[in-house]
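Single-structure report; data block below.
Readers should treat all values here as calculations from the given coordinates under stated rules, not as data from a laboratory. What you see is a predicted model; the values in this text were computed from it and never measured. Cβ: placed from backbone, ideal geometry, glycine included. Neighbour counts: every protein chain shown.
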Amino acid sequence: EGKVLLRRVAEEVLPPGLVSRGKRGFALPFEVWLRREMTEAIRDVVSEAAVARRGVFDPDAAKRLVDRCLDGEARLGPPVMMLFSFEQWARRVLDQAPVRPEAKPPEIEGPAPELSVIIVNWNTRDILRDCLASVAEHLGPVRPEVLVVDNASSDGSAEMVAGDFQQVRLIRNRENLGFARANNQAMAVARGAFFLLLNSDTLLTDDSVARLFSRLQGDADPPVAHCRLLFPDGRVQHSTYRFPSLKLALLEDFGLYKFLSRRRQAETLLAGYWAHDEERDVDWVAGAFMLFPRTVYEKTGGFSEAYFMYGEDMEWCARIREAGWNIRYFPDT
């Protein structure tokens, strides 16, 4: 009997007939990822300049390979992914020396603010401008300090911040350090009693974040707070999760949750399967919005810098919970 462990887990939640079905193959949609979600990341990580700096592969050949792949040659997906994976590995393992920012944010005199808003940016100038404007409008009464870490943008993002938002503390990196490392840079110099991590494509639409911050200030043991995230069309963005396990992987990644009732889906999976108008503790949240007391950062050390992008928020939430803090979803924000 093959895959005994998986079959035993499946027997607990699925009808017997499904467990005994024959094997079916599946393939990862590399060509779809490369031409959609990962296009910018591929062009950045496997750029001609990045490959030349690494000094392992021919930069001209790598550029031609990437261009042909992104132009539609699906068969070139695997070698492009190999180049991408190698460079990501090399950055995390071989590049041990810390990369220092081009310029530190200016030192600020006077009393420390109650809230530090931290935004990491890479080539999102226009939406970053909207994000900063929304923070100024809807968090104005809180009088937060705002820090932007620019990861070597080439679209004029840093120049826009320096020119249009002179009150913002700007950190300019010479290369893209990734989401985890850039956030840690800012948290290391932030002065607030609370930190608010925002994605650069996030807009505050009213004063609910300010009200949530006021609520946490009055809490003797404030949790890590997450809010309701909405797409531009008003749909709820699923950003609250359970920690991964063998059972959840079996249920969700292979689509077996579809055989469960809606109630069982909500109880077991969380994510997009439960009523998002309910305030509740969750396992982990997407790093697009995290509001927490600075002691969380001081006690846990922030994000693991072994992660360049994706997965760093889940790993940090695991350590946050191990350190004794709850992670709570607030639907009215």
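General observations
- Considered as an equivalent ellipsoid built on the Cα gyration tensor, segment 1-150 has semi-axes of 41, 29, 17 Å, the largest given first.
- P(r) tail fraction, segment 184-260 - alpha-carbon pairs more than 22 Å apart, %: 49 percent
- DSSP-defined beta bridges in segment 223-333 - what % are antiparallel, rounded to 5: 65 percent
- For segment 49-63, putting each phi into the Karplus relation 6.51 cos²θ - 1.76 cosθ + 1.60 with θ = phi - 60° gives couplings of 5, 5, 5, 5, 4, 5, x, 9, 10, 6, x, 5, 5, 5, 4 Hz, in residue order, rounded to whole numbers and with x for Gly and Pro.
- Simple rule: put +1 on each Lys or Arg Cβ and -1 on each Asp or Glu Cβ in the chain, find the dipole, and look at H138, P223, L70; the Cα lying farthest toward the positive end is L70.
- Among beta bridges from DSSP that stay inside the chain, the antiparallel ones total about 40%.
- Order by protection proxy (mean Cβ within 10 Å, highest first), peptides 84-94, 130-140: 130-140, 84-94
- Around the amide H of S200, modelled in the peptide plane, lie the amide H atoms of V120, all under 5 Å away and 5 or more residues distant in sequence or on another chain.
- For Cα Rg over 2.2 N^0.38 Å, the value calculated from this model appears in (i) 1.03; (ii) 0.93; (iii) 1.10 under label (iii).
- Coupling constants for segment 35-45 follow from the phi torsions by the Karplus curve (6.51 cos²θ - 1.76 cosθ + 1.60, θ = phi - 60°), and in residue order they are 8, 10, 4, 9, 4, 5, 5, 4, 5, 7, 6 Hz; glycine and proline get x.
- Once backbone amide H atoms are built at 1.01 Å from N, C227 has F330 as its partners under 5 Å, excluding neighbours fewer than 5 places away on the same chain.
- log₁₀ of I(q)/I(0) at q = 0.14, 0.16 Å⁻¹ - segment 113-265, Debye sum with one point per alpha carbon: -0.80, -0.96
- Choice from E315, E37, E298 showing the highest fluctuation, given a GNM over the chain with Cα pairs closer than 10 Å: E37
- Shape summary of segment 234-298, radius of gyration then Dmax from alpha carbon positions: 13.8, 44 Å.
- Sequence ranges 45-56, 185-196, ranked by mean other-Cβ count within 10 angstrom, highest first: 185-196, 45-56
- DSSP bridge orientation in segment 115-251 - percent antiparallel, rounded to nearest 5: 5 percent
- Sorting the segments 22-35, 246-259, 198-211, 149-162 by their residues' average number of neighbouring beta-carbon atoms within 10 angstrom, most packed first, yields 149-162, 198-211, 246-259, 22-35.
- Between F195 and S116, F292, R294, the built amide H atoms are under 5 Å apart, and every one of these is 5 or more places off in sequence or on another chain.
- With the cut-off at under 12 Å, measuring from each backbone N in segment 197-224 to a point 7 Å along the Cα-to-Cβ line of K299 picks out 221-224.
- Taking only the alpha carbons of segment 221-266, we obtain Rg and Dmax values of 14.1, 40 Å in that order.
- Taking every C-alpha pair closer than 8 Å and separated by at least 6 residues, the mean separation divided by the residue count of segment 176-333 gives a relative contact order of 39 percent.
- Segment 3-45 and segment 184-237 have Cα centres spaced 33 Å apart.
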